[in-house]
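Trainee: Submitted below is the structure of interest, expressed as structure tokens.
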Amino acid sequence: SNRALAIAGRDLVLDALGVTAPAPESMIGSMASIPLPDDPSPAGDPLDRLSEALHRKHGIEVPVPAWRRSPERLLRLSAQQYNSLGDVGALAAALVVELQRERSTHLTS
């Protein structure tokens, strides 16, 4: 059930962000990585601002590590028995809001 949720959740977030899957379903266990737009203003801060905003503003805890090198990053979606597809839907909606906020903040800076 964790794998099924990881796949369904990954697909939901990919659709919300308009991103293509970086790996086939056959490579997914209970965790999936989702590429995110580059950080518009990387500061070398060990605490990713997107991860912090998701936690502070939306109550969502999800790691957003650098991928290969900053400003590239990805979202690590981990499915557990206590998660639901509704939780992932809330994450997808919050990501859309926060990524848009990042872009607009960067453009006005």
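Trainee: Among the residues of segment 57-67, is there at least one that is at pLDDT below 85, open to solvent by 70 Å² or more (accessible area, probe 1.4 Å) and over 11 Å from residue 9 (Cα atoms)?
Mentor: Pass one, segment 57-67, residues at pLDDT below 85: 65-67.
Subset that is open to solvent by 70 Å² or more (accessible area, probe 1.4 Å): 66-67.
From the residues that got through so far, the ones that are over 11 Å from residue 9 (Cα atoms) too are 66-67.
So far as segment 57-67 goes, yes, one or more of its residues are at pLDDT below 85, open to solvent by 70 Å² or more (accessible area, probe 1.4 Å) and over 11 Å from residue 9 (Cα atoms).
Trainee: Could you tell me whether any residue of segment 64-87 is free of Cβ contacts under 8 Å to residues at least 40 places away in the same chain, in contact with a strand residue (DSSP E or B) (Cβ under 6 Å, 6 or more places away or on another chain) and closer than 22 Å to residue 2 by Cα?
Mentor: Looking for residues that are free of Cβ contacts under 8 Å to residues at least 40 places away in the same chain, in contact with a strand residue (DSSP E or B) (Cβ under 6 Å, 6 or more places away or on another chain) and closer than 22 Å to residue 2 by Cα, one finds at least one in segment 64-87, hence yes.
Trainee: Sticking with this structure for a sec: Let me confirm something: among 10, 49, 69, which residue is within 10 Å of the chain's Cα centre (by Cα) and among the basic types (Lys, Arg)? Write out each step before concluding.
Mentor: Values: 49 fails: within 10 Å of the chain's Cα centre (by Cα); 69 fails: within 10 Å of the chain's Cα centre (by Cα).
None of the others qualify; the one that does is 10.
Trainee: Going residue by residue through segment 70-82, is there one that turns out to be part of a helix (DSSP H, G or I) and surrounded by 15 or more Cβ atoms within 10 Å (Cβ to Cβ)? If you could, list the steps in order and put the result at the bottom.
Mentor: Filtering segment 70-82 down to residues part of a helix (DSSP H, G or I) leaves none.
Checked against the condition, which is being part of a helix (DSSP H, G or I) and surrounded by 15 or more Cβ atoms within 10 Å (Cβ to Cβ), segment 70-82 yields no hits at all.
The values are calculated or read from the model by the stated rules, or taken from the named source; none is laboratory data. Remember, it's a predicted structure, so these values are computed and weren't measured experimentally. For neighbour counting, all protein chains shown are included, and Cβ atoms are generated from backbone atoms with ideal geometry for every residue, glycine included. All accessible areas refer to the heavy atoms of the entire protein, side chains included, with ligands and DNA or RNA removed. Shrake-Rupley method; radii C 1.70, N 1.55, O 1.52, S 1.80 Å.
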